[in-house]
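Here's the structure we're looking at; comments come further down.
Any read-out appearing in this document is the output of simple, stated calculations on the displayed coordinates, not a laboratory observation. Quantities reported herein were computed from a predicted structural model and do not represent experimental measurements. Cβ placement follows ideal geometry from the backbone for every residue including glycine, while neighbour counts extend to all protein chains displayed.
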Amino acid sequence: MLVVGFPTGAFQANCYLVAAGEGEPCVIVDPGQDAVEPVAEALRKYRLSPVAALLTHGHFDHVFSVTPICDGNDIAAWIHPEDRTMLSDPMKGLSDQSSAFFGGKLEMREPAEVRELTDGAELDLAGLTLTVDHTPGHTRGSVVFHTALDEGGRVMFAGDTLFAGSIGRTDLPGGDMRTMTETLRTKILPLADDTVVLPGHGGSTTIGRERASNPFLLELDPTAAGPARGI
């Protein structure tokens with residue numbers, strides 16, 4: 001499997017291109033602010049053909065470039081219905097501080113084709129099978145995507161649900177700490193320790209590493225032996 005990742009925009013949200021290998025179809029996960037040019041460069045460099053854009057949630061730092069990328073390549077964007085309205089009204093997901101940063105106005109529109117994600121769905125895209133888990137807490141429509149690795153084990157594109165050493169903030173519109181706690185307990189802790197986590201901000205980690213050291217997981221897993229938080 002080929003995974004090309006890079007941070008984008010003012011909030012350094014990670015965008016990933018995922019394919020079976022070079023010269024193959026790919027999916028684009030979370031094309032955020034200022035992602036158009038680096039995505040195009042990666043497509044050329046690795047000779048990839050995009051077939052879909054997958055969105056872990058609706059915050060603008062993860063979806064800002066989805067419309068030009070999707071419409072420019074004639075592909076659909078996939079997002080959970082709870083977060084879909086943020087594609088055309090990004091202010092719904094912003095804090096007052098973030099809104100002020102953008103002068104209280106940030107214009108976006110939906111791509112020409114939007115498909116809605118459902119919990120437990122399996123997406124067969126670009127020669128990959130990606131399982132969707134609905135993981136609300138950071139936003140109502142947050143999801144993570146799982147797929148198998150060639151060498152065994154799995155990789156999870158975690159968005160802002162889980163970071164190395166932390167979790168996504170829950171104080172923005174649609175966020176809720178009690179819901180996040182339930183998500184961590186039921187959707188994250190049961191995962192195998194060797195699951196590779198590719199988060200929405202910061203570096204990669206594994207479930208085993210987070211189970212042993214992430215304070216938010218330690219609180220929920222008593223047997224287990226200043227981070228990026230998104231916008």
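Calculated from DSSP H runs of 4 or more alone, at -39500 (n - 2.57) each and per residue, what is the 222 nm mean residue ellipticity of the chain, nearest 500?
-5000 deg cm²/dmol
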Among A42, L17, L94 - extreme Cα towards positive end, dipole of the chain, charges at beta-carbon: L94
Treat every Asp and Glu Cβ in the chain as -1 and every Lys and Arg Cβ as +1, leave all other atoms uncharged, and give the resulting dipole magnitude about the Cα centre to the nearest 20 debye. 360
Determine the percent antiparallel among the DSSP beta bridges restricted to region 2-218, to the nearest 5. 65
When you have a sec, figure out the Kirkwood radius of region 49-90 from all distinct Cα pair distances and drop it here in Å to one decimal? 10.3
For region 178-221 and region 58-82, write down the distance between their C-alpha centroids in whole Å. 26
Regarding the chain, what are the three Cα extents along the principal axes, ordered largest first, in Å? 49, 45, 28
